[in-house]
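Participant: A single structure is presented below for examination.
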Amino acid sequence: MTNSGPRIVAVSSGKGGVGKTNFVANLALFYASLNKRVLILDADLGLSNIDVMFGIAPRFNLKHVLSGEKRMKDIIVNGPLGIMILPASSGVRELTELSDASRMRLVSELDNFDLPFDIFLIDTGAGISDNVLFFCSAAQETIVIVTPEPTSLADAYALIKVLSRDFGEKSFRVLVNTARSDKEAFDTFRKLAIVADKFLGLSVDYIGFLPYDQHVKDAIIAQKGYIAMYPNSAFTKKLVGIANKLLDNPMNDIKGSIQFFLKKALRVK
């Protein structure tokens, strides 16, 4: 790890199917292209997706860490541009709701993780399960992805509400995905911001939007990063702008933030 500590960012959503994992994968690719050392934790523990996104078939995953069979560093797989991935398992029901002991095992393994990285991206599941709340609460900052669909907005608000009310989280960044115009994107954000301010007393941060692009599905099917396949697209340009904004304007400028993560994780109930 660098002397200033890695950036630790959880990416979540209230509703599934909003493009969360695709955003994480392409964000990681961009940062890796800047020679940043990127670590991704697939924290959707029962329905892994990051490895599928990159066309990787891991032999071991977090299930083997939690069972004590493997250490965290033993399950890492390398993605494109040297991205390090901690893969989750798929179809393992008991991992969808971790016990306190399992969470503490993960925290302990991260505490002993000795491979260097600059950016730690946590791809959580969707919704307000205990696992999602745990990882969002323990991260340095949380990005909530929404789409213009009313159900996505309602579920994003529910996630923010629970994190604020039950875990004391006050800082949220909002990314609007699959918007068809700047106006649609900002109107979507504005609806969420108004209810967050009125009912929760929170001011959420708008970090931008990603436009609807039919080629996103093509990249996912090809199991290749969208920004590598379509480097000159509007989607890629928007993603690069968002990625740079995140680098230039950290929500919490905390030194040694892996320790920040661990301390927060230990107090999350």
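Just so you know, all these numbers are worked out from the coordinates, no wet-lab data involved. Owing to the predicted nature of the structure, the values given are computational and were not obtained by experimental measurement. Heads up, the Cβs are rebuilt from the backbone with ideal geometry, glycines too, and the neighbour counts pull from every protein chain shown.
Participant: Any residue that is among the hydrophobic types (A, V, I, L, M, F, W, C) and in contact with a Gly (Cβ under 6 Å, 6 or more places away or on another chain) - is there at least one of those in the stretch 157-170?
Facilitator: yes
Participant: If I ask for residues that are within 19 Å of the chain's Cα centre (by Cα) and over 20 Å from VAL240 (Cβ atoms), which ones from the stretch 201-221 would you list?
Facilitator: Within the stretch 201-221, VAL204 is the sole residue that qualifies.
Participant: Could you name every one of the helices (runs of 4 or more DSSP H) located completely within the stretch 1-83 that has at least 3 residues being touching an Asp or Glu at 6+ places or on another chain (Cβ under 8 Å) and under 20 Å from ASP213 (Cβ atoms)? Explain how you work it out, then say what you get.
Facilitator: Details: elements: 20-33, 50-53, 62-66.
Helices (runs of 4 or more DSSP H) meeting the threshold: 20-33.
Participant: Please state which of the following conditions LYS15 fails to meet, knowing it meets all the rest: (1) under 20 Å from TYR226 (Cβ atoms); (2) crowded, with 18+ Cβ neighbours inside 10 Å; (3) under 14 Å from the mean Cα position of the chain (by Cα); (4) not polar (S, T, N, Q).
Facilitator: With (1) under 20 Å from TYR226 (Cβ atoms); (2) crowded, with 18+ Cβ neighbours inside 10 Å; (3) under 14 Å from the mean Cα position of the chain (by Cα); (4) not polar (S, T, N, Q) applied to LYS15, the lone miss is (1).
Participant: Could you please find all residues in the stretch 108-145 being small (Gly, Ala, Ser) and in a loop (DSSP other than H, G, I, E, B)?
Facilitator: The answer is GLY127, SER129, ALA139.
Participant: Continuing with this model, one more query. Does ILE83 satisfy being farther than 19 Å from CYS136 by Cβ and surrounded by 15 or more Cβ atoms within 10 Å (Cβ to Cβ)?
Facilitator: Spelling it out, ILE83 is indeed farther than 19 Å from CYS136 by Cβ and surrounded by 15 or more Cβ atoms within 10 Å (Cβ to Cβ).
Participant: If you don't mind, there's one more thing I want to ask. Any idea how many residues of the stretch 40-72 are of a type outside the set (D, E, K, R) and surrounded by fewer than 24 Cβ atoms within 10 Å (Cβ to Cβ)?
Facilitator: Number satisfying all stated conditions: 17.
Participant: Further question on the same structure: Residues LYS183, LYS198, LYS161, LYS170: which one is of a type in the set (D, E, K, R), surrounded by fewer than 19 Cβ atoms within 10 Å (Cβ to Cβ), closer than 17 Å to VAL9 by Cα and over 16 Å from the mean Cα position of the chain (by Cα)?
Facilitator: Of the residues listed, the single one that is of a type in the set (D, E, K, R), surrounded by fewer than 19 Cβ atoms within 10 Å (Cβ to Cβ), closer than 17 Å to VAL9 by Cα and over 16 Å from the mean Cα position of the chain (by Cα) is LYS170.
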